[in-house]
Each structure stands twice: as C-alpha cells, then as structure tokens.
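A.B. asks: Below you will find the structure I want to go over with you.
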Amino acid sequence: MYVIVAGGGKIGANVVRSLLAMGHEVTLIEQARDRFMLLEEEFGHQVLRGDATEIHVLEGAGIGRPPDQVLAVTGDDEDNLVVSLLAKQEFAVPRVIARVNNPKNHWMFNESWCVDVAVTTPHLLTSLVEEAVSVGTLVRLLSFEKGRASLIEVTLASDAKAANCEIVGLDFPRDSTIVAVLREERVIFPRGDTVLLPGDEVLVLVTPDSEADVQAILTGR
C-alpha cells in the first residue's frame, strides 16, 4: 500500500514509522526546514520538503499514481482540510484521513469536505474514559464508511434484559453484528448460543438504522 502523510510532527512521524515497519510505501511531506532536516536523517528520500496544500508539492510526492490513502495530520485544521479537498477532488484518492486539532472544528471534517475519516484526539480519549467507567451505557468507539457503520460498546448492567440470555433469543437487527464479548480479560467470539453475562463488554457493529434497537436490547431493563 502506498500512503502520503502530510505533516511531519510527532503524530506524522510516528505514523510513518509504524507504516514502514509494516512494509508499506510512504512519502512524508514536511514544510518546516529544521523539522524536515531531522526527518530526512531518519527517513531519507521518503521525506519531501514543501507545503502539502500546494498541488505541485503533492504531485512531487507521487499523488498522481494515486496513493491508496492520504493522511492530513498537520497541526493546522485549515491545512488539513485543504489537503483533503485536493486529494479527493484533484487526484481522486480513494481514502483520506484527517486530523482535527480543535474539537470545535470537527463538524467540518466530513464527506462534504472530502474527509473519509476524521480523528480528534480529545474525542478518542473521552470515548476511552467512558468505556472504562460506564455500565449500562452505549459508547460509540469508531465510525466507518463515512458514518454508515459504527462500532459501539456496552457493558451489561446486572438488570439489563440481555443479561443471562442467549444471543439467539435477543432478536438483534439483521444489519447489526456482535463482533466480540470481553469477559474477565478474555475475548469471546460469540455464537448464537453464547450467553451474555452482567459485566460483559459487548462490542457491536451497527448501522444508523439498527443502533437504537441494539441499544434498547443491551441497555433496556
């Protein structure tokens, strides 16, 4: 897989390290001279100096191929949106992932602005906190395919109607799937006869149409 990463800060550099370790081909774009020189020492020719919001810089990174994915992870939300727009509209990149620095700007990072996946660190941290402390409450962990599917988590309360019941008898919607059950440090890949117990962390893949029904099944009393 070929990936272009715009922004060579700590996040961008760490992403590049991980992608290279997995065997992917990566080009990293960084504008600041001092930062570029440090990155060039580590990554060599895989780093390109320039402003990723300029078409000729993206072309120099090989975006015309096009890459499988573009990651816009600079420290400036406006730049990340511009990179996303150029990647989609000018070069038809299949998948664009953008970093949101200011949570107040999250509403703009959507399909209209050519962003397939928006990553907001405060939102991710909040979800992890909620996941750890919330019993009987639905926590949305991730969204996929521009919001057409989501991974949700519910820790079953002792009085939930799904507690101590087999999955097959709970009448989950057809467009939802229990992908895993976390129980006492074990991961269970459930079947129809799997019994859900109080305290189980139930991970479910849902669509917008099925989420309310799944929530009612797992959190209803």
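The values are calculated or read from the model by the stated rules, or taken from the named source; none is laboratory data. Because the structure is a prediction, the values reported are computed rather than measured. Reconstructed Cβ throughout: ideal geometry from the backbone, glycine too, with neighbour counts over all protein chains shown.
A.B. asks: Please specify each residue of region 185-221 satisfying the condition of being of a type outside the set (A, V, I, L, M, F, W, C) and closer than 18 Å to R174 by Cα.
C.D. replies: Step one: filter region 185-221 for residues of a type outside the set (A, V, I, L, M, F, W, C), giving 185-186, 190-194, 198-201, 207-211, 213, 215, 219-221.
Within region 185-221, P190, R191, G192, D193, T194, T207, P208, D209, S210, E211, D213, Q215 qualify.
A.B. asks: Spot the failing condition for E42; the list is (1) of a type in the set (D, E, K, R); (2) outside any helix (DSSP H, G or I); (3) without any contact (Cβ under 8 Å) to a residue 40 or more places away in the chain, and only one is missed.
C.D. replies: So the condition that E42 fails would be (2).
Here is a yes/no grid of residues against (1) farther than 27 Å from K10 by Cα; (2) modelled with pLDDT of 85 or more; (3) surrounded by 15 or more Cβ atoms within 10 Å (Cβ to Cβ):
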| site | (1), (2), (3) |
| --- | --- |
| N101 | no, yes, yes |
| F109 | no, yes, yes |
| T121 | no, no, no |
| L125 | no, no, no |
| G147 | yes, no, no |
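A.B. asks: Restricting to region 2-29, what's the tally of residues that are on the phi > 0 side of the Ramachandran plot and surrounded by fewer than 23 Cβ atoms within 10 Å (Cβ to Cβ)?
C.D. replies: First pass over region 2-29, keeping only residues on the phi > 0 side of the Ramachandran plot: 7, 23.
Filter once more, keeping what is surrounded by fewer than 23 Cβ atoms within 10 Å (Cβ to Cβ): 23.
Within region 2-29, residues that are on the phi > 0 side of the Ramachandran plot and surrounded by fewer than 23 Cβ atoms within 10 Å (Cβ to Cβ) number 1.
A.B. asks: Which residue pairs have Cβ atoms closer than 7 Å, lie 6 or more positions apart in sequence or on different chains, and pair a first residue in region 194-216 that is under 15 Å from V181 (Cβ atoms) with a second residue that is in a helix (DSSP H, G or I)?
C.D. replies: Within 7 Å, the pairs are T194/I167; L196/I167; V202/L218; V204/V214.
A.B. asks: Which condition from (1) at pLDDT 85 or above; (2) surrounded by 18 or more Cβ atoms within 10 Å (Cβ to Cβ) is the one that V139 breaks?
C.D. replies: With respect to (1) at pLDDT 85 or above; (2) surrounded by 18 or more Cβ atoms within 10 Å (Cβ to Cβ), V139 is out only on (1).
A.B. asks: Further question on the same structure: Does V154 satisfy the condition of being in contact (Cβ under 8 Å) with a residue 24 or more places away in the chain and in a strand (DSSP E or B)?
C.D. replies: Answer is yes for this residue.
A.B. asks: Within region 154-210, track down each residue that is within 19 Å of F144 (Cβ to Cβ) and among the β-branched types (V, I, T).
C.D. replies: We begin by selecting, within region 154-210, every residue within 19 Å of F144 (Cβ to Cβ); these are 154, 172-180, 202-210.
V154, T177, I178, V179, V202, V204, V206, T207, listed by residue number.
A.B. asks: Still on this model: Being touching a helix residue (DSSP H, G or I) at 6+ places or on another chain (Cβ under 6 Å) and either farther than 30 Å from C114 by Cβ or surrounded by fewer than 14 Cβ atoms within 10 Å (Cβ to Cβ) (or both) is the filter here, so list the residues in region 149-159 that pass it.
C.D. replies: Residue satisfying the conditions is V154 alone.
A.B. asks: Could you tell me whether Q69 is of a type outside the set (A, V, I, L, M, F, W, C), more than 19 Å from R95 (Cα to Cα) and surrounded by fewer than 23 Cβ atoms within 10 Å (Cβ to Cβ)? So that I can check it myself, show each step before the final result.
C.D. replies: Numbers: of a type outside the set (A, V, I, L, M, F, W, C): yes; more than 19 Å from R95 (Cα to Cα): no; surrounded by fewer than 23 Cβ atoms within 10 Å (Cβ to Cβ): yes.
It is false that Q69 is of a type outside the set (A, V, I, L, M, F, W, C), more than 19 Å from R95 (Cα to Cα) and surrounded by fewer than 23 Cβ atoms within 10 Å (Cβ to Cβ).
A.B. asks: Output the number of residues of region 71-99 satisfying the condition of being within 21 Å of S18 (Cα to Cα), of a type in the set (D, E, K, R) and either in a loop (DSSP other than H, G, I, E, B) or modelled with pLDDT under 90 (or both).
C.D. replies: Residues in region 71-99 being within 21 Å of S18 (Cα to Cα), of a type in the set (D, E, K, R) and either in a loop (DSSP other than H, G, I, E, B) or modelled with pLDDT under 90 (or both): 0 in total.
A.B. asks: Return only the number of the condition from (1) modelled with pLDDT of 95 or more; (2) over 25 Å from the mean Cα position of the chain (by Cα) that H45 does not satisfy.
C.D. replies: Exception for H45: condition (1).
A.B. asks: Within region 27-34, identify whether any single residue is touching a strand residue (DSSP E or B) at 6+ places or on another chain (Cβ under 8 Å), within 25 Å of N110 (Cβ to Cβ) and either in contact (Cβ under 8 Å) with a residue 60 or more places away in the chain or not in a helix (DSSP H, G or I) (or both), and answer yes or no. If you could, list the steps in order and put the result at the bottom.
C.D. replies: First pass over region 27-34, keeping only residues touching a strand residue (DSSP E or B) at 6+ places or on another chain (Cβ under 8 Å): 27-31, 33.
When the remaining residues are screened for being within 25 Å of N110 (Cβ to Cβ), the result is 29.
Adding the requirement that they be either in contact (Cβ under 8 Å) with a residue 60 or more places away in the chain or not in a helix (DSSP H, G or I) (or both) leaves 29.
The answer is yes; a qualifying residue exists.
A.B. asks: Okay, moving on. Within region 169-179, does at least one residue satisfy the condition of being aliphatic (A, V, I, L, M), under 24 Å from the mean Cα position of the chain (by Cα) and loosely packed, with under 15 Cβ neighbours inside 10 Å?
C.D. replies: Scanning region 169-179, I find at least one residue that is aliphatic (A, V, I, L, M), under 24 Å from the mean Cα position of the chain (by Cα) and loosely packed, with under 15 Cβ neighbours inside 10 Å, so the answer is yes.
A.B. asks: Restricting the search to region 3-26, which residues are charged (D, E, K, R) and assigned to a strand (DSSP E or B)?
C.D. replies: Passing the criteria: only E25.
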